[in-house]
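To start, the structure under review is shown below, and the notes come after it.
The values are calculated or read from the model by the stated rules, or taken from the named source; none is laboratory data. What you see is a predicted model; the values in this text were computed from it and never measured. For neighbour counting, all protein chains shown are included, and Cβ atoms are generated from backbone atoms with ideal geometry for every residue, glycine included. The accessibility values were calculated without ligands, DNA or RNA, using every heavy atom of the protein model including side chains. Shrake-Rupley method; radii C 1.70, N 1.55, O 1.52, S 1.80 Å.
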Amino acid sequence: MKYNIRGNKIDVTKAINDYITSKLSKLEKYLDDNEEVEAKALISTKGKDQKVEVTIWSGKYNIRAEEVSGDLYSAIDLVVDKIERQLKKYKGKLSSRKSNKDDYVPPIEIEDYFEEEQTIVRRKEVFLKPIDEEEAITQMELLGHSFFVFKNIDTGKINVIYKRKDGDYGVIEAN
């Protein structure tokens, strides 16, 4: 696994880098192709709180989690625990699905962060491969997002699946 650890308004010391690396390396047992996997960690500070965001990128899936705590090391522990739960859940869903490995399509993650002035501060270009609605829901839940953009394998159209306030899901289909 490759590690990319950086800080935003905080210096990443060797001790912090080593701690994050050792914690994330414990997740390798859940990953298949360890040489293709990249783990990105972003540490930022806001007031007295420390925020840790971790994204695991693989050829098969993307998993993301973030935690905020007053203590940096506890935030690291919490975010690694959250990622581990997501990996276990994902592996369970994969083993219960009876699909061909050749039919598997990697997810696409889209994130747009807005400041108070409604300025676009991040833009991503994504390649949409066809997946079904069930897999889109799974990917959306693993990423912790409230929506997910995908190409519907049944219709060939671009869809957005989103979680409704009542707990159900909705689909927006582009023409």
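First check a/c for segment 120-170, with a ≥ b ≥ c the square roots of the eigenvalues of its C-alpha gyration tensor; if it is under 1.5, answer rounded, and if not, answer prolate when a/b is larger than b/c or oblate otherwise. Oblate, because a/c is 1.5 or more while a/b does not exceed b/c.
What accessible area per residue, rounded to a whole number of Å², is obtained for segment 1-79 using a probe radius of 1.4 Å?
Working: 4220 Å² over 79 residues.
Per-residue value: 53 Å².
Sketch the reach of a paramagnetic label on Ile120 as a point 7 Å from Cα along Cα-to-Cβ, and name the residues of segment 148-164 whose backbone nitrogen lies under 20 Å away. Counting backbone N atoms under 20 Å from the label point, the list is 148-151, 158-161.
With 26 Å as the limit, the listed pairs Lys124/Lys151; Lys23/Lys151; Lys2/Lys88; Lys26/Lys91; Lys48/Lys82 have Lys23/Lys151 beyond it between alpha carbons. Within the shell of other residues whose beta carbon sits under 14 angstrom from the beta carbon of Asn17, the net charge comes to +3, with Lys and Arg scored +1 and Asp and Glu -1.
Counting Lys and Arg as +1 and Asp and Glu as -1 over every other residue whose Cβ lies under 9 Å from the Cβ of Ile56, the net charge comes to +1.
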